[in-house]
Amino acid sequence: SYAVTPTRATYFWGRTKSTGEATMYPKAVSDLHGWGVRSLACGHSSTVVAADTSVISWGPSPCYGELGYGDEGPKSSTQPKLVDALSGCTVHQVAAGYAF
């Protein structure tokens, strides 16, 4: 689970991997420190964030284009990475889901 505070700080808790222990209390997402997060959405295995004039996404392999990284280079990232195609755009809301 994720939460964005009125000051645009981002926190997470719960199980973030299929193995390992869960984070039982809200913990700051340090990779997003300093970003003005407006909107955050999570799918089954990916996360997308609208912040400042950027979109940031991450998710483990396999990813099939849902992270927005384009045709060239890696399709997945376990660390937050800028979506270059939307650089400079002010995105107000993002959405994600999970379906077969």
Problem set entry | Residue selected from the range 67-91 under the condition closer than 17 Å to TYR2 by Cβ and part of a loop (DSSP other than H, G, I, E, B), by the criterion least open to solvent (accessible area, probe 1.4 Å) | LEU67
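Kindly indicate the residue of the range 35-46 that is at pLDDT below 90 and either in a loop (DSSP other than H, G, I, E, B) or not hydrophobic (A, V, I, L, M, F, W, C) (or both) and also surrounded by the fewest Cβ atoms within 10 Å (Cβ to Cβ) among those meeting that condition. Spell out how you get there, then give the answer.
First, the residues of the range 35-46 that are at pLDDT below 90: 42-46.
This time we only want the ones that are either in a loop (DSSP other than H, G, I, E, B) or not hydrophobic (A, V, I, L, M, F, W, C) (or both), so: 43-46.
Values: GLY43: 17, HIS44: 11, SER45: 16, SER46: 19.
The residue in question is HIS44.
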Seminar exercise, completed: Among the residues of the range 49-66, the number that are open to solvent by less than 40 Å² (accessible area, probe 1.4 Å) and either in contact with a His (Cβ under 6 Å, 6 or more places away or on another chain) or not aromatic (Phe, Trp, Tyr) (or both) is 9
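Taking the condition touching a helix residue (DSSP H, G or I) at 6+ places or on another chain (Cβ under 8 Å), closer than 16 Å to SER77 by Cβ and modelled with pLDDT of 85 or more, does VAL29 pass?
No: the conditions fail for VAL29.
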Exercise. What is the one condition in (1) open to solvent by less than 40 Å² (accessible area, probe 1.4 Å); (2) out of contact with any Lys or Arg (no Cβ under 9 Å at 6 or more places or on another chain) that LYS27 does not satisfy?
Worked result: (1)
Exercise. Assuming TYR25 fulfils every condition listed in (1) assigned to a loop (DSSP other than H, G, I, E, B); (2) of a type outside the set (Lys, Arg); (3) without any contact (Cβ under 8 Å) to a residue 40 or more places away in the chain apart from one, which condition is it?
Worked result: (1)
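The values are calculated or read from the model by the stated rules, or taken from the named source; none is laboratory data. A quick note: this is a predicted structure, and the numbers were derived from the prediction, not measured. Note: ideal-geometry Cβ built from the backbone for every residue, glycine included; neighbour counts use all protein chains shown. Heavy atoms of the whole protein, side chains included, go into the accessibility calculation; ligands, DNA and RNA do not. Shrake-Rupley method; radii C 1.70, N 1.55, O 1.52, S 1.80 Å.
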